[in-house]
Amino acid sequence: MEDYRITNPKPLYILLNAILLCIAFFLVIWFFKFTTSAPLTKYWQPYLFIYTPISFIFGIAFRKYHSYRRRELNDVLLSILKADLVATVVTCVVFITMPSLKLSTNALFLFVGVLLLVEYIVVMVYFWVKNAVNVEHRIQHEITDHKVRMHRDYKLDKQNTEKVESLINKNSGKKTLEKLIEKTKLNYANTLVLSTTTIFNISNLPDRRFSTIINLARSNDIRSINEFFIAVLDKLPYDGTFVGCYLSKSQYKKNFLKKYPWGINYILYTFVYLIKRVFPKLGFTREMYFWFTSGRHRVLAKPEIYGRLYACGFEITNEFRADKLDYFIAKKRNNPIRTEIINYGPIIKLNRVGKNGKMFRVYKFRTMHAYSEFLQPYIYERNNLQEGGKFKRDIRITSVGHFMRKYWLDELPMLYNLIKGNMKLVGVRPLSRQYFSLYSKELQQTRTRHKPGLLPPFYADMPKTLDEIQASEMKYLTRCEKKGTFITDFKYLGKIFVNIVFKQARST
């Protein structure tokens with residue numbers, strides 16, 4: 001643990017806290033009703049000369065103004081809470097011992113409550129940016145050794161076949177059995193059928209003894225899903241098959257809403273969704289959730305399950321639905337990413353090509369399900385591209401994500417890039433190396449002579465194909481070099497404003 005005695009309070013943090021004190025004070029004055037006719041006149045002096053110095057003293061005592069760089073979020077939030085609560089108690093004592101001031105402790109509690117909320121929001125945003133998930137830095141490597149000696153495969157006799165089929169029918173249902181017979185080598189000796197959520201049961205299997213492993217237990221009930229998938233991968237030969245199942249988020253919602261009367265069902269579903277979907281992803285509730293549930297009954301979306309499979313070295317080759325569960329059939333194709341993948345932050349950072357070809361990080365709000373970055377090959381193979389150069393029917397985008405993209409809310413953190421100076425207001429959209437490589441050499445060279453921008457020429461010209469997008473960007477960059485960047489950006493800003501406001505151009 002860091003020794004905070006060797007560090008000093010940060011003047012910048014003290015200044016920021018003073019600004020937040022003012023913001024909280026004026027928010028309360030403006031938005032809340034007071035019995036007194038002039039609350040600003042009555043409360044600004046006590047707030048400034050009594051609460052503020054007391055808050056400053058205890059802020060130092062409880063490390064509220066120490067650097068956040070090497071501290072955990074929970075530790076910082078706890079420091080703020082302690083400092084504000086103790087300062088409030090001491091201020092209350094001062095108010096009570098000075099009755100002539102006729103100051104209300106209820107008003108004080110209101111001020112401090114709003115202040116605490118504002119402070120928590122600022123700190124949360126800071127940590128979201130600090131811990132923004134880099135969704136492009138991991139690379140999967142294809143397996144090079146494909147030659148693995150397998151045991152001779154042969155069909156099971158009638159008695160063993162009937163025994164396996166009977167167990168599957170009893171455990172999962174008739175439709176599941178029919179689909180497995182149709183799509184897998186169910187009655188072969190090199191096919192293993194089990195129902196387990198425990199990695200121990202997988203680790204005890206002999207290496208590469210089975211060419212197909214079918215697990216009938218729901219992935220929702222596996223505590224360490226990635227570790228479980230990798231354990232299965234390690235037991236299979238190259239091109240070996242893994243069949244698993246899960247209860248999708250959409251199916252869970254459908255089943256849940258049917259249980260209760262309309263109206264009440266949506267209220268209950270919101271509560272349950274927070275517990276089973278949100279709590280397992282938040283750092284300060286994750287451990288509590290796993291302690292109570294052992295990781296069972298999580299609500300998981302299809303893109304997250306499939307993204308995990310791709311991150312763990314599998315490739316989806318088939319899928320089906322049976323007995324209210326979704327099943328995947330995946331092949332072992334790549335080496336897995338064995339390092340821990342923290343993939344739930346609300347802010348992500350993306351490596352993009354900037355001016356002079358230098359890579360920089362673009363910050364955005366997350367609009368896709370976790371692990372979606374690994375799912376790009378799956379989406380591209382099935383859906384291809386739509387107008388504007390983006391994927392058709394991209395299941396990776398969440399419902400909230402669609403709304404945020406439509407109104408560019410996901411790009412608000414990019415204002416940080418604007419402040420840092422690696423982007424400007426109008427300019428070509430910053431691209432990943434992969435997408436940048438699709439552009440012509442001439443456009444690549446021209447692009448790297450300019451800063452990318454928040455508002456691309458796309459919204460001035462509204463191109464539909466990749467070739468049209470390249471032509472639009474080249475026209476914009478050529479005008480910048482011939483007529484000047486400022487004049488060109490000003491003209492394009494007008495076109496973009498008209499298209500967005502009056503012609504309802506929207507992001508996708």
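Here is how the numbers come out for the structure above:
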{"item": "Only one of Glu178, Glu165 that is in contact (Cβ under 8 Å) with a residue 60 or more places away in the chain and acidic (Asp, Glu)", "result": "Glu178"}
{"item": "Qualifying residue in region 392-409 (condition: of a type in the set (A, V, I, L, M), part of a helix (DSSP H, G or I) and open to solvent by less than 70 Å² (accessible area, probe 1.4 Å))", "result": "yes"}
{"item": "Residue list for region 361-378, restricted to those being farther than 18 Å from His402 by Cα, open to solvent by 30 Å² or more (accessible area, probe 1.4 Å) and not basic (Lys, Arg)", "result": "Pro377"}
{"item": "Scope region 197-211; condition under 23 Å from Thr176 (Cβ atoms), open to solvent by 10 Å² or more (accessible area, probe 1.4 Å) and touching a residue at least 12 places away in the same chain (Cβ under 8 Å); matching residues", "result": "Thr197, Leu205, Phe210, Ser211"}
{"item": "Unique match (being hydroxyl-bearing (Ser, Thr, Tyr) and either at pLDDT below 85 or more than 21 Å from Met124 (Cβ to Cβ) (or both)) among Tyr4, Tyr65, Tyr13", "result": "Tyr4"}
{"item": "Conditions (1) of a type in the set (Lys, Arg); (2) part of a helix (DSSP H, G or I); (3) modelled with pLDDT of 90 or more; number of the one not met by Arg429", "result": "(2)"}
{"item": "Some residue of region 58-71 being aliphatic (A, V, I, L, M) and touching a residue at least 12 places away in the same chain (Cβ under 8 Å)", "result": "yes"}
{"item": "Only listed residue being open to solvent by 80 Å² or more (accessible area, probe 1.4 Å) and touching a strand residue (DSSP E or B) at 6+ places or on another chain (Cβ under 8 Å), chosen from Arg447, Arg429, Arg433", "result": "Arg433"}
{"item": "Region 329-360, residues that are open to solvent by 30 Å² or more (accessible area, probe 1.4 Å) and part of a loop (DSSP other than H, G, I, E, B)", "result": "Arg333, Asn335, Arg338, Thr339, Glu340, Ile342, Tyr344, Pro346, Lys358"}
{"item": "Subset of region 265-300 that is out of contact with any strand residue (DSSP E or B) (no Cβ under 7 Å at 6 or more places or on another chain), among the aliphatic types (A, V, I, L, M) and in contact (Cβ under 8 Å) with a residue 40 or more places away in the chain - its residue that is surrounded by the most Cβ atoms within 10 Å (Cβ to Cβ)", "result": "Val299"}
{"item": "Counted residues, region 100-136 - those being surrounded by fewer than 19 Cβ atoms within 10 Å (Cβ to Cβ) and either at positive phi or among the charged types (D, E, K, R) (or both)", "result": "3"}
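The values are calculated or read from the model by the stated rules, or taken from the named source; none is laboratory data. Here the structure is a predicted model, which is why all the values come from computation and not from measurement. Here Cβ is always computed from backbone atoms with ideal geometry, including for glycine, and neighbour counts include all displayed protein chains. SASA here: full protein model, heavy atoms, side chains in, ligands and nucleic acids out. Shrake-Rupley method; radii C 1.70, N 1.55, O 1.52, S 1.80 Å.
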